[in-house]
């Protein structure tokens, strides 16, 4: 069973060794016959600045594997922090919202993230609002850090981000772009090898002041579930849809049914993946942030209900079986 618990509790998921699964704001990639769940390993501390908070990492990005989505074996660290103060990966720092896609042409797995250098505090200067990229020949291998960049131009700071891979093999970097007080989701096409940005992009005007994007394509429509900007506090979700990634996106409102607190069931979206062998079963991954102990954040997985009128919805389930 997938166990989310009630909307006001933090249910801990454990790996096959009995340790708490600590894979914050990551995603899932299916490769070599297994699901691989990855995310940033946060620290068992409350929120604080100057590198003292649990929202930073001194470990890096970790990965777990499973054949059934219930039992998860720890695969270890795939993108490690460095003990060298001169390294761009010196911890504490952040690999926020890491996302991995596989490039069939190059045979490489490519990881993008929102990079925040030591001590891991968000800012407005170089190294505090960048997109970071790393690559590996194996999904669960040791990823090589390639560096950082800002899409479109240097003025636009990178905040929450994700990567969406389309059916034609193209890959798209979707992020909350900040220029002064102007914050809006943008979508940028990645290069054919997925390791740099092209000049093809679109500002999604309807998604003004939104973050934490999670995308899915279903029955010819693209959907994007997002969050408001309220730091670590949960807020009301909103989703958008379009027939073309570079077209106009339509504001569809809150996808959550029965969410009386308007807090996305006390969570924030992170990723959407399809269950193998189930053409119409997609899981919305979200996280219930625990600002008293970030290692003990809770993962909230819910199946997405797609409707004949090309809308979608989320209903809370304290537990459910993947069938």
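Points to keep in mind about this one:
- Residue order, fewest to most surrounding Cβ atoms within 10 angstrom, among 302, 89, 111, 69: 69, 89, 302, 111
- Its alpha carbons considered, the chain gives a radius of gyration followed by a Dmax of 18.1, 55 Å.
- Gaussian network model of the chain, springs between alpha carbon atoms under 10 Å - residue of 290, 19, 235 with greatest fluctuation: 19
- Cβ-Cβ distance of residue 191 and residue 144, R₀ of 22 Å, FRET efficiency by 1/(1 + (r/R0)^6): the value works out to about 0.85.
- Taking 0.36 nm per residue of sequence separation and removing the Cα-Cα distance, the residue 279/residue 231 pair yields an extension gain of 13.8 nm.
- Summary value for the chain: 16 percent relative contact order, contacts being C-alpha pairs under 8 angstrom separated by 6+ residues.
- Cα-projected label distance for residue 313 with residue 19, points at 7 Å along beta-carbon direction, nm: 4.1 nm
- Share, in percent, of DSSP beta bridges within the chain that are antiparallel, nearest 5: 95 percent
- Among 1, 224, 246, the order by Cβ neighbours within 10 angstrom, fewest to most, reads 1, 246, 224.
- The distance linking the range 32-98 with the range 155-208 is 23 Å (Cα centroid to Cα centroid, whole angstrom).
- Sorted largest first, extent of the range 32-178 alpha carbons per principal axis (Å): 41, 36, 26
- Among 101, 62, a tally of other beta-carbon atoms within 10 Å of each Cβ gives an order, fewest to most, of 101, 62.
Computed from the coordinates by the stated procedures, all read-outs in this text should not be read as laboratory data. Being a predicted model, the structure only gives us computed values, none of them experimental. Backbone-built Cβ (ideal geometry, glycine too); neighbour counts: all protein chains shown.
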